[in-house]
Structure formats: C-alpha cells, structure tokens
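Have a look at the structure below before the remarks.
Coordinate-derived values only; no laboratory data. If you're wondering where the values come from, they're calculated on a predicted model, not measured in any experiment. Because the Cβ atoms are built from the backbone with ideal geometry, glycine has one as well, and the counts that use them run over all protein chains shown.
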Amino acid sequence: MMIEIKELTKKYRISRNNIVDAVNNLSFEIESGEVVTIIGPSGSGKSTLLNVLGGLDRDYDGEVRVDEKEIREYNSVFYRRNIVGTIFQQFYLIPALSVAENIGLPSYFADRSAKKAMQDKVNYLLDRVNLTDRKNHKPKELSGGQAQRVAIARALLAEPKILLADEPTGNLDSKTGKEIMGLLLEINREMKTTLLIVTHDTELIVGAKRRIFLKDGKLDKSRNK
Ligand SMILES: Nc1ncnc2c1ncn2[C@@H]1O[C@H](COP(=O)(O)OP(=O)(O)OP(=O)(O)O)[C@@H](O)[C@H]1O
Ligand SMILES: [Mg+2]
C-alpha cells in the first residue's frame, strides 16, 4: 500500500478550553497510481488532511505511512521535494520570476551537472503543459489556467510519486477547470503519479475512479460506499 492513514487525528487548540477536531480518527489507504478525490463541505478537514500528507504539518496523532514509512521519519525537506508535489487554489507563483524560473527554481541551488538535467526537465515540462511560448512571461501576465499549469509543472520537477491538489480549479472558470483536471489525469496516466484532489465541485470528479467523502473530519458513512 502506498499511503496508509491510520487513526489520524489533528486537533487545533484555539484556547485553553476550546479545541477543534479538524481530523478525527480517520483511516483509509491509497494504492500507488490511484486517482482519489476528497470531497466534503467547508471545514470538514480536507486541507488539514492534505497538509499532513504534504509534510507541511507534522503535529498529529495516529500514523501516516508513505511507502511503509511514517511521514515524520523522512527528512522533511527530502519528503516535500521528492516524494510529494503540491498545488493549491492560489497558485503561489513568485511574481518577480518568469514562468521558466518559477518551474526551475531548485536548479538555481543545484550543482552544475544537476542544473543541466533540471533545465532540460523544465523545457520538457514547459512543453508538456503547453507553455513554451509563455516561458519568459511573469505570473501577472498569465491567465488563471496558465498560472495553474505553471504550478503543476513546478510540482512535477522532482518527479514526485504523489501529487496533492487542494481545490486546484477553485479559482478557474468551469471550462478551464475541466482542462486542468484533464491535464492532471493525463499526468497520472503518463507518469503513474498518485493523485489526490480535494474539491467540492462534483462536476469535476467524473474522471476519478475513487471518491472519499469527509464530514466533520471523518469519513462520511452515508456517502462512502
Ligand atoms: N490553523 C488553524 N487553527 C485553528 N483551527 C483551524 C486551523 N486550520 C483549520 N482549522 C479548523 O479545522 C477545521 C478543518 O479545516 P480545513 O481547513 O481542513 O477544512 P476544509 O475542509 O479544507 O474547508 P474548505 O473547503 O473551506 O477549504 C475547521 O473547523 C477549521 O476552522
Ligand atoms: Mg480547504
């Protein structure tokens, strides 16, 4: 099993007597290469779950294993760079950098041989997300769909095994949203990247074989078959 979530609980302490159970004793498994959509109302714990899986939040109870190893046992930088890639509703591109520089940012910190390989990868990814003709544009000169394609290419630079997407189409019109979903599904097929997509847009989940419904930080028993 590629991802094993066992009795995951995440509490936020708001004040001495006020604790929010954002994720509450959640368990499920995901196989390598699967496409899974996570659906649930606002506040049901979707982003909290994705932050844990993305290695951004290591303060939780229970166990989350990726390739048999608990996430907290990985070097966190290695985990976030090589095991998972993440994209968000807000694209979080760096405004001062061009499209190509945003995608290839880690190459500026790499040694000479790694740099060359990464630059080649940037060119491949630019072509793959169909942005070669925009590679010198700055983020503010892009449409929303183009900006999300930059974020997808950036997330794929290190060829992560898992791609996490938190409302990736939330800032896009429905036609562009469908194109982005189509691109993510193509990437899953071509690169065998395991794909977890958080959404509350049920229109977008047609291509996903597996849906996991959350409610109040738990599996929604009435909607999960
Ligand atoms: N940093 C935080 N501090 C305190 N409470 C938080 C924090 N982040 C999230 N929560 C609470 O945890 C619960 C789950 O939040 P989460 O962001 O995971 O929901 P979500 O399903 O992603 O919602 P949305 O669809 O609105 O993005 C909510 O009740 C929220 O108020
Ligand atoms: Mg959220």
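Straight distance only, please: which lysines reach the Cα of K225 with their own Cα at less than 25 Å, same-chain residues fewer than 8 apart left out?
Counting by Cα, and skipping residues close in sequence, K225 has these lysines nearby: K6, K10, K46, K209, K215.
Charges only on Cβ, +1 for Lys and Arg, -1 for Asp and Glu: so what's the dipole of region 3-219 about the Cα centre, in debye to the nearest 20? Write down the numbers at each step before the final one.
Values: 33 positive and 30 negative charges, 86 e Å.
About 420 debye.
List the residues, sorted by chain then number, that are 5 or more residues from G85 or on another chain and whose placed amide H is less than 5 Å from its amide H.
I162, L163, L164
Starting at the first residue of region 40-57, write each ³J(HN,Hα) from the Karplus equation 6.51 cos²θ - 1.76 cosθ + 1.60 with θ = phi - 60°, in whole Hz, x for Gly and Pro.
x, x, 4, x, 7, x, 5, 5, 4, 4, 5, 5, 5, 4, x, x, 8, 10
Straight-line reach from K140: which aspartates and glutamates fall under 15 Å, measuring Cα to Cα and dropping same-chain residues less than 8 apart?
E101
What GluC sites (Glu not before Pro) does region 59-111 have in DSSP loop regions with at most 11 other beta carbons within 10 Å?
E68
When only Cα pairs under 8 Å and 6 or more residues apart are kept, what is the percent relative contact order across region 22-122?
16 percent
Once the dipole of the chain is set up with Lys and Arg at +1 and Asp and Glu at -1 on Cβ about the Cα centre, which of A147, V20, S222 lies farthest towards its positive end?
A147
Give me the percent relative contact order of region 3-219, please, defined on Cα pairs under 8 angstrom at least 6 residues apart.
32 percent
Convex hull volume of the Cα atoms in the chain, per residue, in Å³?
Normalising the Cα hull of the chain by residue number yields 139 Å³.
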